[in-house]
Amino acid sequence: MKTGLHRWHYVLGLFVIVLVAIAALWNWNWLRPLVERQASAALDRKVTIRNLDVSLSLTPVIVLDGITIGNPAGFAEDSTMATIDRVAVTIDGRAGLKGALRFPEIVIDRPQGDLKANPKGRRNWMLETGSDGGGALPQIDRLTINDGNIRFIDPAMQADFRLAIHTTDSKKSGEQQIVATASGTYAAQPISAEFRGGALLSIQSRTEPYPIRLSLKNGATTLLLAGTVNDPIHFAGANLKLDLAGKDLNDLYPLIGVPLAPTPPYKLSGRLNYIRTLIRFEDFTGTVGNTDLSGTFSVNPHEEQPKVFAALTSKNVDLRDLGGFIGAKPGDEKNAPPSPVQKVRTKVLPDTPINLPEIKVANFDVRYHADHIKGESMPLDDMTVHLIIQDGRIILTPLSFGIGKGQILANAELDAREKLMRTNGDIDFQKLDLHRILSSTGPFEGKGTIAGKANIKTTGNSVAAMAANGDGDLKLFMEGGKLSALLVNLAGLDLGSSVLSMLGIPNRTPIRCMITDFGMTKGQVKTRLMLIDTTEANINGTGSIDLAREQIDYKITTDPKNFSIGSIQAPILIRGALGDPSIYPDPVTLGARGGAAAVLGVLLTPLGALIPTIQLGLGKDTDCAKIIADVKTGAQPSLTAEEKKN
């Protein structure tokens, strides 16, 4: 027995001696080519390692020195995407025996990166590994990064900036933090940013919220994001406050990947969240120019075309802030010195093209309501719109403006799927208050109710182009009102009454009926009929407006019903540029004129066709309908009760 035991002692001793000899003579670099091949295959680019070493124990440490990661095919040979001076990985051997992967510590020294795109647009940081990203993540107790520095260049993004990254211990809590700072250019604008987050190991923790603080400045845009996320990997359970400010909301396009209309300077603050594939900017409030804005904005970035949802409200809207939606320059430019182009420009229709490629980048479903509208010469009270943009089609269903007790209701579709956008729309004018309109448009006064309809079908990529190519109709009717004598008498050069009106002496003229009917063909607006029947005069309008050239050639004629000293029987001509026309009396005095009955008699056939529209907008028992009926029967148009008093 003793002899057998002595033999096993000799065998065991010899085995230990052999292990010690192997350990002393073993060179872990013999395995380096195998590791390099495995890494190169996984990353689809050449990977080299200068030195490989392993310290054996229950918690072995693998050390890789001089790691170089090359570029994929399509880049210069032997060019480098990244280098790392040293990586030390500590492995929990006991956990490994149980089938778990746990790293008590990983230390990365001087990771350097050169991320860029080749002339064909391929980006070297995009890995084509075929991995689906599944499987459980390993547990990392502590990750330390020392002196990381990455350069990022992408001509398509107009980006060239450096990212410095390292880990440090918080002075307040003593816990590890990851810190990253960026400086350079992005979207052709200077960019500077700083990110501070909790230790990377806590990303996997479901018990402790992960702290985040990101401050960024890109050009005139500033962003501050601060708070915590319960599940950072899935961005769930976010409690983050987001503050945004800048000169133009559309400047956010390079940052968020969603185009927005040009706006004046803005400042918004709300909560950032992630719910069921949607990134949401919730319950935000702030201002855009002189307009307050609040609501929720969300985007689904997982689709090829991001889908944007928004529910927005404003208490007070300055219409100048919405100019970017129609191609005009938004914001208050009263005090800005005019540019040389502005000094000679007399055009009134915005000719800035709508950015069609950006419209096609994303799909939108936006609902917006404004309680009150402020605007020079704009009598609008409130506004409601439902905007849908789907695959290049823009649908407004509806767009409505309140004016007093009435409203303007529009439905429109703009199809931007072809080179030239096609537009088809209709507008209803329902019981509009004339007093509300005139009180906001100048010195004229009056009252009454206006109704009518308009429709347009056109092509073009700007408001000016749409107007120049448009076909359509405009019909407006009014009754039961009073028109300022200043407006009526100036139209007929009734100088005496005009002077009284300008002196502020009340002198208002009741309106029995106003009927207008305009037709538009290829941007040429022609008057089918314009008649205003008042107790003082009948006002007739004839002429046309060329929207392509923005020229007007119009004549307004009055037939006074009462003799007035100083009355000059000459029509008024309005001619010239639409933005700055000349207004003067016709040097050739008109001959005999007919009254309302004569005008109606000549145009009886088209007027008869207008009666249903008049009754729809103003009601069945209207003075306009009664006047037409009187002409049909050959009777002299009767006076209203108010006219009889006068």
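The values are calculated or read from the model by the stated rules, or taken from the named source; none is laboratory data. Quick caveat: nothing in here was measured; it's all calculated off a predicted structure. Every residue, glycine among them, receives a Cβ derived from its backbone with ideal geometry; neighbour counts consider all protein chains shown.
Within the range 403-422, restricting attention to residues that are of a type in the set (Asp, Glu) and in a strand (DSSP E or B), the residue that is farthest from Ala451 (Cα to Cα) is Asp415.
In the range 162-212, the qualifying residues are those that are assigned to a strand (DSSP E or B) and of a type in the set (Lys, Arg), and the one that is modelled with the lowest pLDDT is Arg196. When you check Gly130 against the structure, is it more than 19 Å from Thr48 (Cβ to Cβ) and either surrounded by 15 or more Cβ atoms within 10 Å (Cβ to Cβ) or modelled with pLDDT under 80 (or both), yes or no? Spelling it out, Gly130 is indeed more than 19 Å from Thr48 (Cβ to Cβ) and either surrounded by 15 or more Cβ atoms within 10 Å (Cβ to Cβ) or modelled with pLDDT under 80 (or both).
Tell me, yes or no, whether the range 254-274 has at least one residue that is out of contact with any helix residue (DSSP H, G or I) (no Cβ under 8 Å at 6 or more places or on another chain), without any contact (Cβ under 8 Å) to a residue 12 or more places away in the chain, assigned by TED's automatic domain parsing to the domain that holds Ala311 and not in a strand (DSSP E or B). Quick ask: steps written out before the conclusion?
Of the residues in the range 254-274, the ones out of contact with any helix residue (DSSP H, G or I) (no Cβ under 8 Å at 6 or more places or on another chain) are 255-257, 265, 267-274.
Adding the requirement that they be without any contact (Cβ under 8 Å) to a residue 12 or more places away in the chain leaves none.
No.
Picking from Ile388, Ile326, which residue would you name as being modelled with pLDDT of 65 or more and not assigned by TED's automatic domain parsing to the domain that holds Leu547? Of the residues listed, the single one that is modelled with pLDDT of 65 or more and not assigned by TED's automatic domain parsing to the domain that holds Leu547 is Ile388.
Does Asp141 satisfy the criteria of being touching a helix residue (DSSP H, G or I) at 6+ places or on another chain (Cβ under 8 Å) and in contact (Cβ under 8 Å) with a residue 12 or more places away in the chain? Taking the combined requirement at face value, the residue satisfies it. Being at pLDDT below 85 and buried (at least 16 other Cβ atoms within 10 Å of the Cβ) is a description that applies to Lys360.
Does at least one position in the range 453-463 carry a residue that is within 18 Å of Thr516 (Cβ to Cβ), touching a Leu at 6+ places or on another chain (Cβ under 7 Å) and modelled with pLDDT of 90 or more?
yes
Looking at the range 49-58, is at least one residue modelled with pLDDT under 85, touching a Gly at 6+ places or on another chain (Cβ under 6 Å), more than 30 Å from Trp125 (Cα to Cα) and loosely packed, with under 11 Cβ neighbours inside 10 Å?
Here is the first cut: in the range 49-58, the residues modelled with pLDDT under 85 are 56-58.
This time we only want the ones that are touching a Gly at 6+ places or on another chain (Cβ under 6 Å), so: 58.
Retained after the next criterion (residues that are more than 30 Å from Trp125 (Cα to Cα)): 58.
After this cut, where a residue has to be loosely packed, with under 11 Cβ neighbours inside 10 Å as well, the list is 58.
Checked against the condition, which is being modelled with pLDDT under 85, touching a Gly at 6+ places or on another chain (Cβ under 6 Å), more than 30 Å from Trp125 (Cα to Cα) and loosely packed, with under 11 Cβ neighbours inside 10 Å, the range 49-58 yields at least one hit.
If the condition is being surrounded by 16 or more Cβ atoms within 10 Å (Cβ to Cβ) and part of a strand (DSSP E or B), then the range 86-111 contributes Arg86, Val87, Ala88, Val89, Thr90, Arg102, Phe103, Glu105, Ile106, Val107, Ile108, Pro111.
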